[in-house]
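Enquirer: Provided herewith is a single structure, encoded as structure tokens, for subsequent inquiry.
The values are calculated or read from the model by the stated rules, or taken from the named source; none is laboratory data. Bear in mind the structure is a predicted one, so any value in this text is a computation, not a measurement. Positions of Cβ are generated from backbone atoms using ideal geometry, with glycine treated the same way; all protein chains shown enter the neighbour counts. For the accessible areas, the whole protein counts, side chains as well, though only heavy atoms, and no ligand, DNA or RNA atoms are used. Shrake-Rupley method; radii C 1.70, N 1.55, O 1.52, S 1.80 Å.
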Amino acid sequence: MSRLEVLKTYKIFIGGKFPRTESGRYYKAVNSKGVPVANICLSSRKDVRNAVQIARKAQGPWQERSAFNRGQILYRIAEILEGRSSQFVEELMLQDYSKINATKEVEAAIDRIVYYAGWCDKFNQVSSSVNPVSSSHFNFSTNEPVGLVGLLLPESSSLLTLVSYLMPIIAGGNSCVLIASERFPLTAITFAEVLNTSDVPGGVVNILTGAVAELWSPLSTHMDVNALSVDLKSPYLKDIQLAAVENLKRVMCMHSADEQGLVNITDFQELKTTWHPIENIGGASNSY
Amino acid sequence: MLKAYNINDLPSSPSVDKVGVEERVARFQSRSIKNQAKMQGLKMVLSMIDLTTLEGKDTPGKVRQMCFKAAHLHDAYPNLPSVAAVCVYPSMVNLAKSIVGVHGINVASVSTAFPSGQAPLEVKLADTKFAVENGADEIDMVISRGKFLGGEYAFVFDEIAAIKEVCGRSRLKVILETGELTTLDNVRKASDIAIYAGADFIKTSTGKIQPAATMQVTYTMLQAIRDYYDETGKMVGMKPAGGISNAKLALHNLVMVKEVLGQEWLNNEWFRFGASSLANDVLMQILKTDSGVYQSSNYFTLD
């Protein structure tokens, strides 16, 4: 007797748990030949609401962790991903990657995570400054995370893109609600399994799957979301920018997943400038 | 003068079917509430709130701030009701009264050595008198749970009756502290004692003990009120307090009150929520229902 294949249902990731979408709706992810590869949750605006609520609670404690500890945790993500790389290679191949390209992609993703893990306790030193001012003040500018970042991944995205967008956001102490690519959601959810086993506190990263056409609006109008990261080529970019006006969300666009760099972290940092009164002895030159 | 009962008049309390209560409560939570009814319900919830601060660290400044919030819930959104009352410790009654009195908001004061109730009767009476003389419109007393659990029902009954006497025209709410009563049968028994001893309101909890106002407990107390009403024709109010921190749960409670007691109880004369963080969540829901945009607590004043 032939065996009926069991198609895995990939669940969403909210607050360190894997619930099904509250809407109870699903769709089938297919490969380029139209063959179904998995059942995927079709999330609703209420899933967005739940994810934002939990991401908000998680953000403060995540920001308060030492930068060094955040670096350790990001590095741990890379370690776990390394250990599970063969699963990712397989899943990428389900999405029509050749074995060579899939392996390359996973390796590049791991390297990128390590790259941002390294930045965690260094970006602030590099991008902060002590500013010359003409009064008796010690004046310095330093970074603070914007808070809760909504991330709409590019439609074509896969593992490397996901990592390139997500890591700089959480490296800087933000929490994130991520909407996976509608066509290629597999790696995003499997990546959630990696996050869940690698010391990332629940709620810091929340991953939803579903129709971007349905999810962009509740996310970009939400008053408790502080910034958005959106693909420059997204068809909803203009609508998102308009919706973001209400609470002046920062809308950032990364040009391609090939970039890595400090700017991707500071895109989601607010520069806080502090004026600290100091004693100015006899008009001496500025000394601090 | 109403006829005063004594402990011997108390009917034996029926035992509570826990499984049945849970099933009934689950059904209250599955009602579909459409937008228009939801809006009406949310505003009703606001008007039923006893905005509460009962911390050891309360200061006049904190009470002043909360009283302002009580009268101005969210001025950016017109036509909102104000809350029913503010609930404070006796030492803050005078101050609270001087601020919210002009807005028609009542001042409720906890008393009788809140929250433990571990003090002699004279102290409890003096505590209550002090609050009443300072202008408290409502008194929230706690029962002696230790005595109750020890089976000294007459003691508990007489204590409530004695406090009721010094309340004068202030309405008396009797806090059962259901989290310490352990069973629904005890909750029912304590409810009956409080009601027959003269309570104007029965209230679930102090807010200091978990679990507090679960729907099962509130349902059991509502049923006691219902039975008393059927027997005597007299209404008693209900105040769940503690743990009701979101709008959805508050709406479920309203559904329950409507279906167990009826329309007459759906106003702040007969039903209250004791809460501190509920008001902002209800406000956020009202604005969300109106605008379609999910709200952030950053844009609402602290209470």
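Enquirer: If you go through the stretch B:120-133 one residue at a time, do you hit one that is of a type in the set (S, T, N, Q) and open to solvent by 40 Å² or more (accessible area, probe 1.4 Å)?
Expert: No, the stretch B:120-133 contains no residue that is of a type in the set (S, T, N, Q) and open to solvent by 40 Å² or more (accessible area, probe 1.4 Å).
Enquirer: Additional query: Given the criterion within 14 Å of chain B (Cβ to nearest Cβ) and closer than 26 Å to A:Gly60 by Cα, identify the matching residue among A:Asn174, A:Asn226, A:Asn206. Working first, answer last.
Expert: Numbers: A:Asn174 fails: within 14 Å of chain B (Cβ to nearest Cβ); A:Asn206 fails: within 14 Å of chain B (Cβ to nearest Cβ).
Step by step, each of A:Asn174, A:Asn226, A:Asn206 is checked, and only A:Asn226 is within 14 Å of chain B (Cβ to nearest Cβ) and closer than 26 Å to A:Gly60 by Cα.
Enquirer: Determine whether A:Asp258 is surrounded by fewer than 22 Cβ atoms within 10 Å (Cβ to Cβ), modelled with pLDDT under 95 and either touching a strand residue (DSSP E or B) at 6+ places or on another chain (Cβ under 9 Å) or closer than 18 Å to A:Tyr116 by Cα (or both).
Expert: Yes; evaluated as a whole, the condition is true for this residue.
Enquirer: Additional query: Among residues belonging to the stretch A:223-255 that are in a helix (DSSP H, G or I) and touching a strand residue (DSSP E or B) at 6+ places or on another chain (Cβ under 8 Å), point out the one that is most open to solvent (accessible area, probe 1.4 Å). So that I can check it myself, show each step before the final result.
Expert: Let us first name the residues in the stretch A:223-255 that are in a helix (DSSP H, G or I), namely A:237-243.
Narrowing the set further to residues that are touching a strand residue (DSSP E or B) at 6+ places or on another chain (Cβ under 8 Å) leaves A:237, A:240-241.
Numbers: A:Leu237: 24, A:Ile240: 2, A:Gln241: 86 Å².
Checking each candidate, the answer is A:Gln241.
Enquirer: When residues of the stretch A:182-199 are filtered for being open to solvent by 10 Å² or more (accessible area, probe 1.4 Å) and hydroxyl-bearing (Ser, Thr, Tyr), how many remain?
Expert: The initial filter retains those residues of the stretch A:182-199 that are open to solvent by 10 Å² or more (accessible area, probe 1.4 Å), namely A:182-184, A:193, A:196-197, A:199.
Those left that are additionally hydroxyl-bearing (Ser, Thr, Tyr): A:197.
Residues meeting the conditions: 1.
Enquirer: Please indicate, with yes or no, whether at least one residue in the stretch A:164-181 is out of contact with any strand residue (DSSP E or B) (no Cβ under 6 Å at 6 or more places or on another chain), within 21 Å of A:Val37 (Cβ to Cβ) and either of a type in the set (Phe, Trp, Tyr) or open to solvent by 10 Å² or more (accessible area, probe 1.4 Å) (or both).
Expert: Within the stretch A:164-181, not a single residue is out of contact with any strand residue (DSSP E or B) (no Cβ under 6 Å at 6 or more places or on another chain), within 21 Å of A:Val37 (Cβ to Cβ) and either of a type in the set (Phe, Trp, Tyr) or open to solvent by 10 Å² or more (accessible area, probe 1.4 Å) (or both).
Enquirer: Collect the residues in the stretch A:30-53 that are basic (Lys, Arg) and either within 14 Å of another protein chain (Cβ to nearest Cβ) or open to solvent by less than 40 Å² (accessible area, probe 1.4 Å) (or both), keeping them in residue-number order.
Expert: Initial filter on the stretch A:30-53 (basic (Lys, Arg)): A:33, A:45-46, A:49.
A:Arg45, A:Lys46, A:Arg49 - these are the residues of the stretch A:30-53 that are basic (Lys, Arg) and either within 14 Å of another protein chain (Cβ to nearest Cβ) or open to solvent by less than 40 Å² (accessible area, probe 1.4 Å) (or both).
Enquirer: Of the conditions (1) within 20 Å of B:Ile139 (Cα to Cα); (2) open to solvent by less than 10 Å² (accessible area, probe 1.4 Å), B:Ala247 satisfies every one except a single condition; which number is it?
Expert: Only one criterion is unmet by B:Ala247, namely (1).
Enquirer: Another one. Taking into account only those residues within the stretch B:271-285 that are within 14 Å of another protein chain (Cβ to nearest Cβ) and farther than 14 Å from A:His222 by Cα, which is modelled with the lowest pLDDT?
Expert: Out of the qualifying residues, it is B:Ser277.
Enquirer: Just checking, which of B:Ala71, B:Ala76, B:Ala96 is over 20 Å from B:Arg272 (Cβ atoms), free of Cβ contacts under 8 Å to residues at least 40 places away in the same chain and aliphatic (A, V, I, L, M)?
Expert: Just a single option satisfies the conditions, and that option is B:Ala76.
Enquirer: Here are some residues: A:Ser164, A:Ser220. Which one is part of a helix (DSSP H, G or I), within 14 Å of chain B (Cβ to nearest Cβ) and farther than 18 Å from A:Arg65 by Cβ?
Expert: Checking each option against the conditions leaves just A:Ser220.
Enquirer: Enumerate the pairs (first residue in the stretch B:290-301 and within 7 Å of chain A (Cβ to nearest Cβ); second residue anywhere and assigned to a helix (DSSP H, G or I)) with beta-carbon separation below 6 Å, excluding pairs fewer than 6 apart on the same chain, so at least 6 apart or on different chains.
Expert: Cβ pairs passing all conditions: B:Val293/A:Thr221; B:Tyr294/A:Arg49; B:Tyr294/B:Lys288; B:Gln295/B:Met284; B:Gln295/B:Leu287; B:Gln295/B:Lys288.
Each row is one residue, and each column tells you yes or no for (1) within 18 Å of the chain's Cα centre (by Cα); (2) modelled with pLDDT of 95 or more.
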{"residue": "B:Val142", "(1), (2)": "yes, yes"}
{"residue": "B:Val156", "(1), (2)": "no, yes"}
{"residue": "B:Ile163", "(1), (2)": "yes, yes"}
{"residue": "B:Leu172", "(1), (2)": "yes, yes"}
{"residue": "B:Ile193", "(1), (2)": "yes, yes"}
{"residue": "B:Pro211", "(1), (2)": "yes, no"}
{"residue": "B:Asp230", "(1), (2)": "no, yes"}
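Enquirer: If you take the residues of the stretch A:54-63 that are within 14 Å of chain B (Cβ to nearest Cβ) and among the aliphatic types (A, V, I, L, M), which of them is least open to solvent (accessible area, probe 1.4 Å)?
Expert: This residue is A:Ala55.
Enquirer: Among the listed residues A:Val133, A:Val114, A:Val149, identify the single one that is open to solvent by less than 50 Å² (accessible area, probe 1.4 Å) and out of contact with any Ser or Thr (no Cβ under 9 Å at 6 or more places or on another chain). It would help to see each step written out before you state the result.
Expert: Values: A:Val114 fails: open to solvent by less than 50 Å² (accessible area, probe 1.4 Å); A:Val149 fails: out of contact with any Ser or Thr (no Cβ under 9 Å at 6 or more places or on another chain).
Result: A:Val133 is the single residue among A:Val133, A:Val114, A:Val149 that is open to solvent by less than 50 Å² (accessible area, probe 1.4 Å) and out of contact with any Ser or Thr (no Cβ under 9 Å at 6 or more places or on another chain).
Enquirer: Moving on. Would you say B:Gly101 is in a loop (DSSP other than H, G, I, E, B) and small (Gly, Ala, Ser)?
Expert: no
Enquirer: Residues of the stretch B:215-261 being out of contact with any strand residue (DSSP E or B) (no Cβ under 6 Å at 6 or more places or on another chain), under 26 Å from B:Lys34 (Cα atoms) and not in a helix (DSSP H, G or I), which ones?
Expert: Within the stretch B:215-261, B:Pro240, B:Gly243, B:Ser245, B:Asn246, B:Leu261 qualify.
Enquirer: Based on what the data block shows, is A:Ile80 buried (at least 18 other Cβ atoms within 10 Å of the Cβ), within 15 Å of A:Ser175 (Cβ to Cβ) and at pLDDT 95 or above? Spell out the reasoning first.
Expert: On the way: buried (at least 18 other Cβ atoms within 10 Å of the Cβ): yes; within 15 Å of A:Ser175 (Cβ to Cβ): no; at pLDDT 95 or above: yes.
No.
Enquirer: May I ask you to list the residues in the stretch B:6-63 that are surrounded by 15 or more Cβ atoms within 10 Å (Cβ to Cβ) and assigned to a loop (DSSP other than H, G, I, E, B)?
Expert: B:Leu10, B:Ser13, B:Val16, B:Ile33, B:Met48, B:Thr53, B:Leu54, B:Asp58 - these are the residues of the stretch B:6-63 that are surrounded by 15 or more Cβ atoms within 10 Å (Cβ to Cβ) and assigned to a loop (DSSP other than H, G, I, E, B).
Enquirer: Does A:Cys253 satisfy the condition of being closer than 21 Å to A:Phe88 by Cβ and away from every other protein chain (no Cβ under 14 Å)?
Expert: For A:Cys253, the condition - closer than 21 Å to A:Phe88 by Cβ and away from every other protein chain (no Cβ under 14 Å) - is not met.
Enquirer: Check B:Ala162 against each of (1) crowded, with 24+ Cβ neighbours inside 10 Å; (2) part of a helix (DSSP H, G or I); (3) small (Gly, Ala, Ser) and name the one condition it does not meet.
Expert: (1)
Enquirer: Cβ-Cβ below 6 Å, separation at least six or inter-chain, first residue in the stretch B:143-158 and on the phi > 0 side of the Ramachandran plot, second not in a loop (DSSP other than H, G, I, E, B): which pairs?
Expert: From residues that are on the phi > 0 side of the Ramachandran plot, there are no pairs.
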